[in-house]
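Trainee: This is the structure I want to talk about, given as structure tokens.
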Amino acid sequence: QIKESATLTRDVLEQHFNDLKGTLKKLLDERLLSLLQEVDVIEQESIKPLDECQKLIEHGVSTADELLREGESAVDGDVGQENEKLCNFTKKALHIQLDSLPEVPSLVDVPCLSAQLDDCLLTILKNQIFRHGTVASRPPVQLEEFVEKPGGILVRWCKVDEDFIAQDYRLQCRKSSASHFEDVYVGSETEFIVLHIDPNVDYQFRVCARGDGRQEWSPWSVAQIGRTTLVPHEWTTGLEGYSLSSRRNIALRNDSQSCGVLYSKAPTYFCGQTLTFRQTVGQPDRRDSLGVCVEQRNGYDSLQRDKAVCISTNGAVFVNGKEMTNQLPAVTSGSTVTFDMEVVQLGPCSNEGGNFKLRVTISSNNREVVFDWVLDQCCGSLYFGCSFSYPGWKVLVF
């Protein structure tokens with residue numbers, strides 16, 4: 001592990017600094033090009049009026065030189081031509097202004113380009129470069145526990161550096177056959193249920209943290225393998241009033257007038273596990289229900305019946321069809337309702353049945369009720385179900 005992590009760290013450092021070199025060279029080249037273009041613009045804008053002034057002066061000198069040659073020719077000609085040439089020369093001379101010049105900018109107004117460069121950038125870069133990057137012998141956070149869930153894994157992690165103050169955590173996951181990790185959670189909690197996990201398949205997990213007030217993430221924890229042997233919870237297909245997601249773990253109450261209880265595909269809830277429903281709410285009705293039951297029964301429009309325990313969307317709790325005195329808060333959008341059960345056996349359990357008691361804990365919106373559910377038969381596993389009178393309800397089960 002030490003040699004492998006050291007080799008990986010060297011590769012990461014070399015790649016990072018090579019990328020920095022390339023980026024820094026690109027930025028310097030872009031800045032140089034920008035400054036050179038600025039010089040070109042100033043040169044072109046400043047030289048234009050001087051060029052125009054020079055052309056005017058050269059034109060005036062050329063005109064004066066031509067007039068001088070004409071005057072010399074008029075003086076040197078014979079008498080008849082001389083009078084005519086002198087007359088033309090005089091007329092021409094009167095129309096040409098030889099005693100004026102275009103305004104020439106003073107020397108102080110003429111730009112003189114220069115580049116101002118100092119070493120402060122090098123000083124700043126030097127200070128930043130020598131503080132850039134750290135090498136840690138141990139990440140400040142490590143994976144602590146994996147708990148199997150139906151079609152998922154509950155991942156817990158903890159800090160191992162007490163001096164490190166964590167602001168956020170970042171959990172990543174990949175199938176062991178995959179080449180890249182993917183983010184599955186970013187937040188302040190120290191546990192997360194990763195869903196859509198295929199049973200009996202190895203997955204690798206790693207976690208890192210971000211210090212309070214910092215932007216960069218800490219080094220990754222040592223990657224660990226987790227797996228679940230529990231098949232995912234699924235709703236049964238074919239009930240007219242409900243539409244299911246592709247993985248059949250989400251049920252949506254549709255606009256159909258048909259009503260009834262939507263059950264799980266199989267009795268996949270076992271005592272000792274936690275069954276969780278997360279919902280988006282629609283219009284509530286007192287006959288709505290979320291819960292577990294011993295068996296599927298057609299012909300009912302609610303789990304508020306015998307051999308079932310459930311919670312209504314208004315928070316009422318029903319055991320074998322009877323409403324309890326204790327009540328939970330009404331179900332809200334995005335909240336979770338959880339069922340936990342443990343076995344308390346009263347009498348002998350045989351093939352003919354016997355007294356069988358389950359201790360049930362139902363939690364919703366940070367409140368819970370605990371009661372004993374007495375059955376006349378042994379139940380190693382249970383179905384779960386839901387029923388809603390109005391459309392718009394959506395339930396994820398895990």
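Trainee: Out of the residues in segment 1-37 that are open to solvent by 100 Å² or more (accessible area, probe 1.4 Å) and of a type in the set (Asp, Glu), state the one that is farthest from Leu113 (Cα to Cα).
Mentor: Glu4
Trainee: Considering (1) surrounded by 16 or more Cβ atoms within 10 Å (Cβ to Cβ); (2) in contact with a Lys or Arg (Cβ under 7 Å, 6 or more places away or on another chain), say which one Val201 fails and leave the rest.
Mentor: (1)
Trainee: Select from segment 256-277 the residues that are β-branched (Val, Ile, Thr) and surrounded by fewer than 21 Cβ atoms within 10 Å (Cβ to Cβ) and write down the one among them that is nearest to Asp340 (Cα to Cα).
Mentor: Thr274
Trainee: Hey, another quick one. Looking only at segment 154-180, count every residue that is aromatic (Phe, Trp, Tyr) and at pLDDT 95 or above and tell me the total.
Mentor: Here the count works out to 2.
Trainee: Specify which of the listed residues (Arg248, Arg206, Arg210) is of a type in the set (Lys, Arg) and closer than 22 Å to Tyr300 by Cβ.
Mentor: Just one listed residue meets the conditions, Arg248.
Trainee: When Asp161 is evaluated against the numbered criteria (1) touching a Pro at 6+ places or on another chain (Cβ under 8 Å); (2) buried (at least 17 other Cβ atoms within 10 Å of the Cβ), which criterion, by number, is the only one it fails?
Mentor: Condition (2) is where Asp161 drops out.
Trainee: Has segment 299-306 got any residue that is outside any loop (DSSP other than H, G, I, E, B) and buried (at least 19 other Cβ atoms within 10 Å of the Cβ)?
Mentor: Within segment 299-306 (the criterion being outside any loop (DSSP other than H, G, I, E, B) and buried (at least 19 other Cβ atoms within 10 Å of the Cβ)), the answer is no, since none of the residues qualifies.
Trainee: Could you check segment 325-342 and list, in sequence order, the residues that are assigned to a strand (DSSP E or B) and either in contact (Cβ under 8 Å) with a residue 60 or more places away in the chain or open to solvent by less than 30 Å² (accessible area, probe 1.4 Å) (or both)?
Mentor: Scanning segment 325-342 gives Thr336, Val337, Thr338, Phe339, Asp340, Met341, Glu342.
Trainee: Follow-up. Show the residue pairs meeting these rules: Cβ distance below 6 Å; 6+ apart or different chains; first residue within segment 110-124 and over 30 Å from Leu50 (Cβ atoms) and touching a residue at least 24 places away in the same chain (Cβ under 8 Å); second residue aromatic (Phe, Trp, Tyr) and open to solvent by less than 90 Å² (accessible area, probe 1.4 Å).
Mentor: That search, which allows pairs on different chains as well, returns nothing.
Trainee: Could we say that Thr228 is more than 19 Å from the chain's Cα centre (by Cα), exposed (fewer than 14 other Cβ atoms within 10 Å of the Cβ) and hydroxyl-bearing (Ser, Thr, Tyr) here?
Mentor: no
Trainee: Out of Leu244, Leu239, Leu252, report the one residue that is farther than 30 Å from Arg138 by Cα, open to solvent by 50 Å² or more (accessible area, probe 1.4 Å) and without any contact (Cβ under 8 Å) to a residue 12 or more places away in the chain.
Mentor: Leu244
Trainee: On to the next question. Of all residues being in contact (Cβ under 8 Å) with a residue 60 or more places away in the chain and more than 16 Å from Asn365 (Cβ to Cβ) in segment 278-287, which is most open to solvent (accessible area, probe 1.4 Å)? Just the residue, please.
Mentor: That would be Gln283.
Trainee: Is it fair to say Gly385 is open to solvent by less than 20 Å² (accessible area, probe 1.4 Å) and either out of contact with any strand residue (DSSP E or B) (no Cβ under 9 Å at 6 or more places or on another chain) or modelled with pLDDT of 95 or more (or both)?
Mentor: yes
Trainee: Among the residues of segment 124-151, how many are over 15 Å from Leu24 (Cβ atoms), open to solvent by less than 80 Å² (accessible area, probe 1.4 Å) and hydrophobic (A, V, I, L, M, F, W, C)?
Mentor: Residues in segment 124-151 being over 15 Å from Leu24 (Cβ atoms), open to solvent by less than 80 Å² (accessible area, probe 1.4 Å) and hydrophobic (A, V, I, L, M, F, W, C): 5 in total.
Trainee: Which of the residues belonging to segment 72-123 are open to solvent by 100 Å² or more (accessible area, probe 1.4 Å), modelled with pLDDT of 70 or more, within 30 Å of Ile42 (Cβ to Cβ) and not aliphatic (A, V, I, L, M)?
Mentor: Residues satisfying the conditions are Asp109, Cys112, Gln116, Asp118, Asp119.
The values are calculated or read from the model by the stated rules, or taken from the named source; none is laboratory data. Quick caveat, the model's predicted, so the values are computed rather than measured. Cβ: placed from backbone, ideal geometry, glycine included. Neighbour counts: every protein chain shown. The area values use the complete protein model at the heavy-atom level, side chains included, leaving out ligands, DNA and RNA. Shrake-Rupley method; radii C 1.70, N 1.55, O 1.52, S 1.80 Å.
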